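Here's the structure, in C-alpha cells; my notes come after.
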Amino acid sequence: MADVIKLLPDHVANQIAAGEVIQRPASVVKELLENAIDAGADRIQLIITSAGKTLVQVVDNGSGMSATDARMSLERHATSKIGSADDLFSLTTKGFRGEALASIAAISHLEMKTKKEQDEIGNRLLIEGTEVKEQEQIQTGDGTSISVKNLFYNVPARRKFLKSDPVEMRHILDEFHRVALVHIDIQFSLHHNNEEVYNLRKGNFRSRIVDIFGKNFNEKLVPLEEDTTIAKIHGFVGKPEFARRTRGEQFFFVNGRFIKSAYLNHAVNAAYQDLLKEKEYPSFFINIDVDPSFIDINIHPTKTEVKFEDEKSIYAIIRSAVRRSLGQYNIAPAIDFNQEAMNFPAPPKNVHVHQPELRIASPRPKVPDLGALTAQPIKPTRSAVDAWDSLNERLSEKVTAPEPKQTELEVSIALKGVQLLGKYIVSENLNGLILIDHKRAHERVLYEQIIRDLAMNRVPAQQELFPITLELSKVDADLVCDHLDELNRIGVQLEKFGKSAFVVRGLAAFISSSQLSETLDEMIDSIKNSGESTGMKKMEALAKTLAKRSSRRYGVTLSPDEISWLLEELGNCQESNRTPGGLPISIEIDLAQLERMFKKGSV
Ligand code: ADP
Ligand code: MG
C-alpha cells in the first residue's frame, strides 16, 4: 500500500494554527495591542470598523521593524522575544510564540507599515491569506501600523459564526480594557466606526479605572496594598454596597497580564463573606506581581490562565489583603487580623499552608429600607397588635361558625395577616394556616403589574422627581443608549446627557429613586444576560429584575393596610404561588396537620 502521510502546506498549517489563536475580531485586537506594547510604544491607537469584521487597525509609536524583520514577523514561529526554552522562565513580554501575525495573515487581508526610528525610509507589506501581494518602501512615521481587513474571508465557517456587531464589539472592549488597565504609562485611544470611544491619558491605576469605567468609580474603590515575600499585591476592590449581579468588573493581572482564575476569584469572594447579598459580585482590580520564574503562563494558547508554583499562598495572601483593606476602610466590621501571617517566606512544596485567620466581630448592620410598597400613599391606621387581635378573632370564629361559601381567591385574601420576623405574613385560608413571604409576594404583584402595563402599552404611573443625573461607564452607557425605548416602556425614562451620563426624566412610581443607580445597574446586567434575545423575552427579563429590585425588603414592618393591599393584589395575580423566578411565595399548613401537631405526645 502506498504511503499516505504528507506534510501540510504552510498556508493550511497556518490556517489551522489560526483557529486556535484567532477566534474572533477581539483576538486580533488582543494580539496586535500586545505586540505594540512589546515594541515599547507609549501611544497606541486602536481603530475598528463594524466591530472588527471589516477592519481592526493598531497604530503604535514603538520600535518599528526593518524590511527583513517585517517580512519575517509574518512567518510562523518567528519571534524576537525568546531564543531558547529557558527564556520562557524569565518572560517579560506579552508574546513569545511567534504565531499571532502568521495566523492573522493566513485568514485576512493584512497591511503592515513600519519604520524604525534610525531608518530614513519605511516599508509596506500587503498580504492576502499568507501570500505577499505587495512589498515596497514608503514614507511613514516611526513605529508600526497593522491593518487587518476582512477577517475570516477564506474561512466561511468562522465568519458565519461571528455574532452581531454589539456582541463582537463587547469582546473587543473587554480585550481593550484588559490591556489598557495595566498599561497606565501608555496613552490609548479607541475609535469605532469613526467615533472616538476612548482617549485614555497616561496616569495612575485609579485614574485609568475611572477613565474607562466612569467617574462614579472614584467613590466605589478601596485601595489594596500588600507586600509579601511571595507576591506583591496592589490595586483596588469595590465597596460591597456597589456589588453587582454579574461578574462585571473583575480583573486579576499577573505581572501585567490579564488572567482568569476561578480559584483566586474564590479568595476574593471569601474575603467579602457576610458583606454581600446572595448572588452579588464585587468589583476588583488586582495586580499580582511575582517572580516570573514562579509562574507558568504557557498552559493556555491565548494565555489567560496562569499556573502559580504556590497557588495556596497566593490565595491566602489575596484573601487576607482584600479583607484587611475592607476592614481598614471601615466597610467590614472590626476584624481580628493577624498581621504577622502576611510575611511568610515561600513554604516548601507539599506543605500545607495555613491561611491567615480572620474573625469578624459582628455581622454587617442591616440598612433600613425606605422604599415604598405601593404607588398609593398608605396611611397606617392600625397597629400590628390590632391585626393580631383581628386574626385571633377570626380564628376563634372559625371554630364555631359554619364555613362560609367562598371561592379560593376570596379565601386567600379573607384575612388581614400579621407579620412575623419581618419576613412572613401569617394568614389563614379555608384549609388552615398560611405563611406568605412578603418580599416574594410583592415581587410577583409588581411583575404582573409591569407585564400588564406593557401588554396594554400603558406608561407606568410616574412619580415626581428632583432631576437625577446618572454617570455610567462607556460600555454601560452604550448599552443603555441602545435600550432607551425598552427602559422607557418599563418605567425608567432616561435622556442622554453628555458622553456617558443620563438625566432621569421619569420614573415609575414603584421604583425607589434613592436606589435608582443600583436598580439601573441590575437592569443593565439583565440586558447583558438576556444576550441577543429580543422583544418580549428581553422585556420579561427586565420586568423580573425590576420587580425583584423594587419589591419591599425583608426586615421592614408593614402596616396592616400594606399587608391587606398586598394579599389582595396577590389574590388577583394570574400566578400567586411562585415568584417570576420560580420560588415559592407561600406555604400552607392545613388544619389537620396543625391538630396533629397539638396532639398529646406529639412533643
Ligand atoms: P510574538 O509576539 O509571539 O513574538 P507575533 O507573531 O505576534 O509573535 O510577532 C512576531 C514578531 O514580530 C515579534 O516577535 C516582533 O519582533 C515583531 N512585531 C510584531 N508586531 C510588532 C510591532 N507592532 N512593532 C514591532 N515589532 C513587532
Ligand atoms: Mg505577539
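So if each residue of separation counts as 0.36 nm, and I subtract the Cα-Cα distance between Arg206 and Asp590, what length gain in nm does that give?
132.3 nm
Could you give the spread of the C-alpha atoms of segment 48-191 along their three principal axes, from largest to smallest, in whole angstroms?
Result, largest extent first: 43, 36, 31 Å.
Determine the gain in length on full extension of the stretch Asn488-Asn199; use 0.36 nm per residue of separation and subtract their C-alpha separation, reporting nm with one decimal.
101.0 nm is the gain from fully extending Asn488 to Asn199.
Let me spell out the model: positive unit charges on the Cβ of Lys and Arg, negative unit charges on the Cβ of Asp and Glu, origin at the Cα centre of segment 515-572. What dipole size does that give, in debye rounded to 20?
200 debye
Quick one: 3J(HN,Hα) in Hz for segment 153-166, Karplus 6.51/-1.76/1.60 with θ = phi - 60°, rounded, Gly and Pro as x.
4, 9, 10, x, 4, 5, 4, 5, 8, 5, 8, 4, 4, x
Over segment 1-142, what is the relative contact order in percent, taking alpha-carbon pairs closer than 8 angstrom and at least six residues apart?
21 percent
Which of Lys115/Lys232; Lys115/Lys163; Lys113/Lys215; Lys215/Lys279 have a Cα-Cα distance over 29 Å?
Lys115/Lys232; Lys115/Lys163; Lys113/Lys215
If you count only protein heavy atoms with a 1.4 Å probe, what accessible area per residue comes out for segment 225-298, rounded to a whole Å²?
For segment 225-298, the per-residue accessible area is 40 Å².
Could you give the nm distance between label points at Glu219 and Leu126, where each point is 7 Å from its Cα heading toward the beta carbon?
My value for the distance between the label points is 5.5 nm.
For segment 436-523, what relative contact order do you get, as a whole percent, if you take Cα pairs closer than 8 Å and at least 6 residues apart?
29 percent
Tell me, in nm to one decimal, what length is gained between Gln118 and Cys573 on full extension, where the rule is 0.36 nm per residue of separation less the Cα-Cα distance?
Value of the extension gain: 156.1 nm.
For segment 127-247, with all protein chains present and a 1.4 Å probe, just round the carbon and sulfur fraction of the accessible area to a whole percent.
Of all accessible area on segment 127-247, carbon and sulfur atoms account for 46 percent.
Given R₀ = 30 Å, what would the calculated FRET efficiency be for Asp174 paired with Ile138, taking r from the Cβ atoms and rounding to 0.05?
Plugging the Cβ-Cβ distance into 1/(1 + (r/R0)^6) gives 0.35.
Let's test the formula: R0 of 35 Å, r as the Cβ-Cβ distance of Asp227 and Glu20. What FRET efficiency results, to the nearest 0.05?
0.40
Could you give the size of the charge dipole of segment 440-501 about its Cα centre, using +1 on the Cβ of each K and R and -1 on the Cβ of each D and E, expressed in debye and rounded to the nearest 20?
140 debye
For Ser586, what charge total do you get from the other residues with a beta carbon under 9 Å from its beta carbon, if Lys and Arg give +1 and Asp and Glu give -1?
-1
How fast does segment 138-226 diffuse by Stokes-Einstein, in µm²/s, taking the Kirkwood radius from C-alpha pairs at 25 °C and 0.890 mPa s?
Calculated translational D: 154 µm²/s.
Can you work out the FRET efficiency for the pair Val503 and Asp289, with r the C-beta to C-beta distance and R0 = 41 Å, to the nearest 0.05?
That pair, Val503 with Asp289, gives E of 0.45.
Give, as ranges by residue number, the residues of segment 101-117 whose backbone N falls under 19 Å from the point 7 Å along Cα→Cβ of Arg159.
Flagged as within label range: 103-111.
At a 10 angstrom cut-off on C-beta neighbours, averaged per residue, how do the peptides 198-207, 100-109 rank from highest to lowest?
By packing density, highest mean first, the sequence is 100-109, 198-207.
Quick check for you: with a 1.4 Å probe and neighbouring chains kept, what is the accessible area per residue of segment 82-206, in Å²?
Per-residue value: 49 Å².
The values are calculated or read from the model by the stated rules, or taken from the named source; none is laboratory data. Computed from a predicted structure; not experimentally measured. No Cβ is skipped: glycine too gets one built from the backbone with ideal geometry, and neighbour counts run over all protein chains shown. SASA here: full protein model, heavy atoms, side chains in, ligands and nucleic acids out. Shrake-Rupley method; radii C 1.70, N 1.55, O 1.52, S 1.80 Å.
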